[in-house]
1. Taking +1 at the Cβ of each Lys and Arg and -1 at the Cβ of each Asp and Glu, which of ILE128, ASN104, LEU144 sits farthest along the dipole of the range 85-170 towards its positive end, judged by Cα position relative to the Cα centre?
2. Which value, in debye to the nearest 20, gives the size of the charge dipole of the range 37-170 about its Cα centre, when Lys and Arg are +1 and Asp and Glu are -1 at the Cβ?
3. Just subtract the alpha-carbon distance of ARG168 and SER117 from 0.36 nm times their residue separation and send over the number in nm, one decimal.
4. For the range 119-169, report the translational diffusion coefficient in µm²/s to the nearest whole number, using Stokes-Einstein at 20 °C, 1.002 mPa s, and a Kirkwood Rh over Cα pairs.
5. Using a cut-off of 9 Å between beta-carbons, work out the net charge of the residues near TYR79 (Lys and Arg +1, Asp and Glu -1, TYR79 not included).
6. Which percent of the accessible heavy-atom area of the range 106-167 goes to carbon and sulfur, probe 1.4 angstrom?
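The values are calculated or read from the model by the stated rules, or taken from the named source; none is laboratory data. Computed from a predicted model, the values in this text were never measured in an experiment. Neighbour counts are summed over all protein chains in view; Cβ atoms, including those assigned to glycine, are modelled from backbone coordinates with ideal geometry. Protein only, heavy atoms only, side chains kept; ligands, DNA and RNA dropped before computing areas. Shrake-Rupley method; radii C 1.70, N 1.55, O 1.52, S 1.80 Å.
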Amino acid sequence: MKRIAIEMDEVIIDLNHKLSPDAASPEAQTGPLDAAKPQQSRPALFQEIEELIGEDSFYVGLPPLPDAQRVIERLSQEYEIFITTAAVEFPRSLAAKLEWLKANFPFISPMNIICCSSKGILNADYLIDTRPQNLALFTGEGVLFSTAQNQQETGYARVDSWRDIEQRFL
């Protein structure tokens, strides 16, 4: 059975509405975080985000992206599914992420949840992720899930939604 690894943040769960700065705020005026090294490009904002993500209530109430539950459940009938997260970068978020997954994706075994920053260690056929640098390290086939931050990226198969993933894999 082929394996699909799926990044959690921004692929199955949308963090942007809790993390995006208000348009009038100073953070919005200085531009987005550098996706490669946010802690270096804007350390004060990164620390604030790290504190928010570490709160027990941060993930409570965040819905899965449209169609994610339905499509992942269907995929799990034909593929071995692994959920990946770089929770080690935000260690206080791990318990909240696991609770969110348990509540929203009860069919995903805890044995199929992988916490890693480097996606190069994953042993899967496909990786669905928003960050090109993660796909570059991955040895299988990378699939870029579209976000506002990766629109200019080329070189990877791209999907814009879970319906696109459904058409590609099922």
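1. My answer, from the dipole projection, is ASN104.
2. 140 debye
3. Using 0.36 nm per residue and subtracting the Cα-Cα distance, I get 15.8 nm.
4. In µm²/s, the coefficient rounds to 194.
5. So the environment of TYR79 carries a net charge of -1.
6. Reported share for carbon and sulfur atoms: 49 percent.
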